[in-house]
Each structure stands twice: as structure tokens, then as C-alpha cells.
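Notes to accompany the following structure.
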Amino acid sequence: SFDIAVECTGGRFSESAINQAIDILRPGGQLILMGVTEDRVPINTRDVLEKGITMRGSSRSSRADFHPVLAAMKNQDCQRTLGRLLPEKRTVIASAGDFDSAMKEAEAHRSWTKVMLDFRW
């Protein structure tokens with residue numbers, strides 16, 4: 001059981017991801033919805049009510065939000081700082097098993113360093 005779940009799936013898989021999050025949340029938990037879908041999504045409202053789950057949506061950034069980011073990224077100091085977050089190598093993903101292994105590795109080594117996936121389907 002978890003106190004907070006973040007749904008980032010969106011699209012046709014939102015229903016499954018949201019309901020899985022509801023299942024694993026503790027009473028009083030929070031569900032943050034970030035995945036975007038154009039469809040209405042049926043969710044397990046019974047458990048939301050029984051567990052007292054709070055659901056919140058996070059809005060997407062607009063075009064105007066990116067202008068200051070792009071300006072900052074032109075700065076060499078900013079580029080060097082962000083570069084330290086990049087891994088030395090990319091993880092090749094050629095199968096579902098590779099992807100599963102990469103996600104487990106990322107979860108086991110939680111740090112500021114990002115994981116770069118090289119999909120070769």
C-alpha cells in the first residue's frame with residue numbers, strides 16, 4: 001500500500017492505471033492524475049469514497065512556459081549542470097524484458113541521474 005500514486009499513462013490505458021492506483025492506495029491516499037486522454041474513463045468510485053482518496057489533476061505546461069526554459073538552456077553553466085544528470089550510457093531496449101529490467105534498475109538506484117532508453121524494437 002502507498003500514500004501517493006501518480007498516473008502518467010494517459011490515452012486508452014488511463015482506466016487501468018487509475019484503477020490500479022486506487023487499489024494500491026492506503027485510506028486517505030492521494031492520486032495525482034497527469035496522463036491526458038480525450039475519452040471518459042470509468043473509475044472505481046466505491047473505493048475512492050471508502051478509502052477517502054483525494055484525486056488531483058496536474059495541468060500541462062503551455063507554449064509560453066518553455067520560452068524562459070529555452071533561454072536558460074542557452075547558458076553554458078546551465079548546460080553543464082543539466083549534463084550531470086545524463087547517464088554515461090544508454091540502455092538498449094529490444095524486448096519487454098529489457099524494459100522491465102531497466103525500470104527495476106532505475107527503481108533500485110534512485111538518484112538525480114536520468115535513465116536514457118534506446119528503443120530498438
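Report every pair of residues separated by at least 6 positions or lying on different chains whose Cβ atoms are under 8 Å apart, first residue within the range 35-61 and touching a residue at least 24 places away in the same chain (Cβ under 8 Å), second basic (Lys, Arg) and open to solvent by 60 Å² or more (accessible area, probe 1.4 Å). Going by the 8 Å Cβ cut-off, the qualifying pairs are Val36/Arg60; Thr37/Arg12; Asp39/Arg12; Lys51/Arg26. Listed by position, the strands (runs of 3 or more DSSP E) contained in the range 36-121 that have at least 2 residues being at pLDDT 90 or above and aliphatic (A, V, I, L, M) are 91-93. Just so you know, in the range 68-88 the residues that are surrounded by fewer than 10 Cβ atoms within 10 Å (Cβ to Cβ) and of a type outside the set (S, T, N, Q) include one that is farthest from Met116 (Cα to Cα), and it is Pro68.
One residue alone among Glu7, Glu50 is open to solvent by 70 Å² or more (accessible area, probe 1.4 Å) and of a type in the set (D, E, K, R), and that residue is Glu50. If you go through the range 36-47 and keep only what is open to solvent by less than 100 Å² (accessible area, probe 1.4 Å) and either over 30 Å from Ser1 (Cβ atoms) or more than 18 Å from the chain's Cα centre (by Cα) (or both), you end up with Val41, Pro42, Ile43, Asn44, Thr45, Asp47.
Filtered by the rule that a residue be in a helix (DSSP H, G or I) and open to solvent by 100 Å² or more (accessible area, probe 1.4 Å), the range 10-35 gives Arg12, Phe13, Gln20.
The values are calculated or read from the model by the stated rules, or taken from the named source; none is laboratory data. Predicted model only: the values in this text are computed from it and were never measured. Quick reminder, even Gly has a Cβ in these numbers, built from the backbone with ideal geometry, and neighbours come from all protein chains shown. With ligands, DNA and RNA removed, areas are computed over all heavy atoms of the protein, side chains included. Shrake-Rupley method; radii C 1.70, N 1.55, O 1.52, S 1.80 Å.
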